[in-house]
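K.L.:
My questions will all concern the structure given below.
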Amino acid sequence: MEQKKWNECVAYQIYPKSFKDSNGDGIGDLRGIIEKLDYLKDLGINLLWISPIYQSPFVDQGYDISDYYKIAEEFGTMEDFDELLAQAKKRGIDVIMDLVINHTSDQHEWFQKALKDPEGKYGNYYHFCKGKDGNPPTNYRSYFGGSTWEPVEGTDLYYLHAFAKEQPDLNWENPEVLAELYKMINWWLDKGIAGFRIDAIINIKKHPDLPNYAADGDDGLVKYTTMVENTEGIGELLRDLKENTFDKHGAFTVGEVFNVDEEGLKEFIGPDGYFTTMFDFTGEILSKGKHGWYDAPKWDFTKWRDKVFEAHEKIRGIGFYANVIENHDEPRGANRYLPKSLQNSKGIKMLAAVYLFLPGLPFIYQGQEIGMQNFTAKSIDEYDDINTIDEYKKAIAAGLTKEQALEVCNTHSRDNARTPMQWNESENAGFTTGKPWLKVNDNYKTINVESEKANPESVLNFYKEAIILHKEDNYKELFAKGELRACFTEYKEIFAYERVLGDKKVLIAANFGESAVEVEKDLGEGIILLTNENIDNAEKNKLRLSPGAIRVILEKE
Ligand code: GLC
Ligand code: CA
C-alpha cells in the first residue's frame, strides 16, 4: 500500500464529549460522531484525531485512562467504534486515536494493585519513592498545581504524578510496562486506525537521581519541566517505542512535544524521526506567563509571526510541522490571535488562511471552522476543567481579586474550546436534546453550522474553499513541500509569505492590523485564488490590504 502523503492532508480534531450527543444524556458520543461524518467529508478533511475515548473516570476528561482496551461507557461501545472506523474509511477519512501513555488513571487496575503492594510487581509499574524528612521526595510542581508527589496512606511512600494526583506516571524503565504498552498500541493499530496523537510524551523520561532544583515560585516548588529539560535519554525510549509499534504498521504519529532544541528536532521528526510530525506550539508558548495564566504577557502579533517563520526555518530540510491555531487545551484562536476589532468573520477567515497554507499538516479543531469563540463565565463554578480551577487559585494567591481571576480564566481557560459544538439554532445549539455537560456558548444563534452552510459568505464556506484549494491537484504539492519565503516583514502588522515550487509561486498576504496597509508590490497579472473581500478590478495589481484582509495569489512574473 502506498504511504499517504500526510502533509497533503487536512486534519480535524474531535473532542468527543462536546461534539455531538446522540442519546440525550448531554454528553457527546461515538454515534454522534458517526452522524456527522458526512459533515466532515463535506468540509474536506481526510484525517481525524479523536481525543481520548477510552474508559476513564474523566478527572482530566479522558486523559486519565482506567482501561486502554475499553471504550468509555459515556461514549458508546467497541462496536460503535468499529463502525465509526469503517464509516470514516468509506469516506476517505483516516482515524487516529489519542495515545496517553505517560500516565494512567489512578483507577487503572495496575495502579490499584500497586497501591495495595507498592513493593510488589505493580509497584514497579509506577514511581513510588520514600519521602525525605517528612517531605515529598523532591520539590517538583505538577502541571495542575501542588507537589507532583502524593503520599500513600499508611506508608512512608509517595507516588509521582506530573499532572493530577489521579494521573500517576508510569515507569518507563520497567520492561514489563513497555511490553504492556506496546501490546496495547499494536492491538489498536491492528484494528485499522492510522496512528496516534501522542500525549504529553516528553514527560516519560525521569532523571535517574530525581534531583531537587532551585524553587521558581513562592510555593517553594519548581516546574516539573525543569526536571524534564535537564534529563537525557528520552531518545532511546522513543526509538524503542517506534520500532516495536508504529514502524510495524506504517503508522502516522503526531507528538505533543514541547521543549525540543534544534538538535533534537532531527531526531524527533526527521526521515527516521520518532514521529511523523509534531505540533508547532509557537502561539501557545508565547501566551504562557512566567508563573501562570495570570501573568501571561500581552499578545504580540509581530513576535508571533516572526517566531512562526523561525520555527519553520528550523525544520527546513528536516520534516514538517502539524500546524494548529486551536486545540482542546487552548482558548479559541479568534480571541487569542486577533485584535478585538477583527474578532469577526472577516478576521477569522484571514487567520484560517494564514495558517492553512504554511508548510506542513494543518489541524482544524472542532468549531474552529465555524468561527467559534471564547465564552464568558460569570462565576468560577461554571468551569469544569481541573487546570482552570488551579489557575484561578493561583491568580487569587498572587493577589488578584476574584473578578480579575475570573477574567484571567475567561481569557485562557481550556473550557473555552470545550463548550459544545454549535450545530444549529435550536435549543442547546443542536448538540443535545438533554442538558449539556458544559454550558453552550450564548452566541450559538448566530455562529452555527446550519446557518453558515446556507450563507456563501460564512466562515464555514471559506474554510471549505481554502481546503479545496489546499488539496487541488495543481497546488497540493506546492502547499505540501514548496519552499516557504517570509515576505514584507518590515510591515509590523502584515503576515505574508510565498510558497514556491519549481516555477510556481503563491503569495499569501494578510493584514492583522487595525488600519489599511498598502504593501509595495506590483502584482501584475497575478491571479487571486482566495480572498475575503471584494476587490475592485482597477486595484487588482496592487496589494492594498484593509484590516483583516487576506489574499492568496498565484503570482505571474
Ligand atoms: C496533554 C493533553 C491535556 C491533558 C494532559 C495530561 O497536554 O492535551 O488535555 O490534560 O496532556 O494528559
Ligand atoms: Ca450521549
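The values are calculated or read from the model by the stated rules, or taken from the named source; none is laboratory data. This structure is a prediction, so every number in the text was calculated from the model and none was measured. Neighbour counts are summed over all protein chains in view; Cβ atoms, including those assigned to glycine, are modelled from backbone coordinates with ideal geometry. We work out accessible area using only protein heavy atoms, side chains counted, and drop any ligands, DNA or RNA first. Shrake-Rupley method; radii C 1.70, N 1.55, O 1.52, S 1.80 Å.
K.L.:
If you build the Cα gyration tensor of region 442-495 and take the root of 5 times each eigenvalue, what three semi-axes come out, in whole angstrom, biggest first?
P.N.:
30, 19, 8
K.L.:
Could you tell me what fraction of 2.2 N^0.38 Å the Cα radius of gyration of region 324-397 comes to, as a two-decimal ratio?
P.N.:
Region 324-397 yields a ratio of 1.28.
K.L.:
May I pose another question? Cα-based Rg (one decimal) and Dmax (whole number) for region 230-287, in Å?
P.N.:
Over region 230-287's Cα set, Rg and Dmax evaluate to 12.1, 38 Å.
K.L.:
Moving on. Sorted by packing (mean other beta-carbon atoms within 10 Å per residue), highest first, where do 484-495, 163-174 land?
P.N.:
Packing proxy ranking, top to bottom: 163-174, 484-495.
K.L.:
Binned at 10 Å from 0, what are the whole-percent values of the Cα-Cα distance distribution for the chain, short to long?
P.N.:
3, 17, 28, 28, 17, 6, 1, 0, 0
K.L.:
First select every other residue whose beta carbon is under 9 angstrom from the beta carbon of GLY524; then total the charges, Lys and Arg +1, Asp and Glu -1.
P.N.:
Cβ neighbours under 9 Å give a net charge of -3.
K.L.:
Hey, any idea what the orientation-averaged projected area of the convex hull of region 295-430's Cα atoms comes to, in nm²?
P.N.:
For the Cα atoms of region 295-430, the hull's average projected area reads 9.8 nm².
K.L.:
What is the helix-to-structure angle for 345-356, meaning the angle in degrees between its Cα long axis and the longest Cα principal axis of the chain, kept from 0 to 90 and rounded to the nearest 10?
P.N.:
Compared with the principal axis, the helix lies near 70 degrees.
K.L.:
Within region 337-407, report the trypsin sites (Lys or Arg not before Pro) that DSSP leaves as loop and that have at most 12 other Cβ atoms within 10 Å.
P.N.:
Of the trypsin sites (Lys or Arg not before Pro), the ones in loops of region 337-407 whose Cβ has at most 12 other Cβ atoms within 10 Å are LYS378.
K.L.:
Against the longest principal axis of the chain, how steep is helix 175-191, in degrees 0 to 90 to the nearest 10, with axes from Cα atoms?
P.N.:
40 degrees
K.L.:
Can you tell me which lysines have their Cα less than 26 Å from the Cα of LYS116? Leave out same-chain residues fewer than eight positions away.
P.N.:
Partners found: LYS70, LYS130, LYS132, LYS165, LYS183, LYS205, LYS206.
K.L.:
Across bins of 5 angstrom width beginning at 0, how are the C-alpha pair distances of region 278-348 distributed, in whole percent?
P.N.:
3, 15, 23, 24, 20, 10, 4, 1
K.L.:
Under 18 Å from the Cα of LYS445, which lysines turn up, not counting those fewer than eight places away in the same chain?
P.N.:
Excluding near neighbours in sequence, the set is LYS20, LYS435, LYS453.
K.L.:
Sticking with this structure for a sec: Using a 1.4 Å probe, what is the accessible area per residue for region 505-545, in Å²?
P.N.:
Per residue, region 505-545 has 52 Å² of solvent-accessible surface.
K.L.:
Further question on the same structure: Which semi-axis lengths, in whole Å and largest first, follow from the square roots of five times the eigenvalues of the Cα gyration tensor of region 389-446?
P.N.:
Here the semi-axes work out to 30, 10, 8 Å.
K.L.:
Please express the shape of region 3-93 as an equivalent ellipsoid: the semi-axes are the square roots of 5 times the eigenvalues of the C-alpha gyration tensor, given largest first in whole angstrom.
P.N.:
23, 15, 12
K.L.:
Now for a different question. Of the lysine pairs in region 266-387, how many meet both conditions: Cα atoms under 20 Å apart, and a spacing of 8 or more in sequence or different chains?
P.N.:
14
K.L.:
Still on this structure, I have one more. Which FRET efficiency, nearest 0.05, do MET78 and GLU35 yield, Cβ-Cβ r, R0 22 Å?
P.N.:
0.75
K.L.:
Order 13-21, 150-158, 509-517, 82-90 from most to least packed using the mean count of other Cβ atoms within 10 Å.
P.N.:
Output ranking for 13-21, 150-158, 509-517, 82-90: 13-21, 509-517, 82-90, 150-158.
K.L.:
Now for a different question. Restricting the calculation to Cα positions, tell me the Rg (one decimal) and the Dmax (whole number) of region 440-557 in Å.
P.N.:
Answer for region 440-557, Rg first and Dmax second: 15.8, 50 Å.
K.L.:
Measure off 7 Å from each Cα along the Cα-to-Cβ vector at ASP503 and LYS116, then give the distance between these two points in nanometres to one decimal.
P.N.:
Between ASP503 and LYS116, the label points sit 7.5 nm apart.
K.L.:
Rank ILE468, ILE204 by accessible area, highest first, at a 1.4 Å probe radius?
P.N.:
ILE468, ILE204
K.L.:
Give me the lysines in straight-line cross-link reach of LYS540: C-alpha distance below 19 Å, same-chain residues under 8 apart excluded.
P.N.:
Qualifying lysines at Cα under 19 Å: LYS505, LYS521, LYS556.
K.L.:
If I compute solvent accessible area with a 1.4 Å probe over the protein chains, what percent of it on the chain is carbon and sulfur?
P.N.:
The nonpolar share, carbon plus sulfur, comes to 47 percent.
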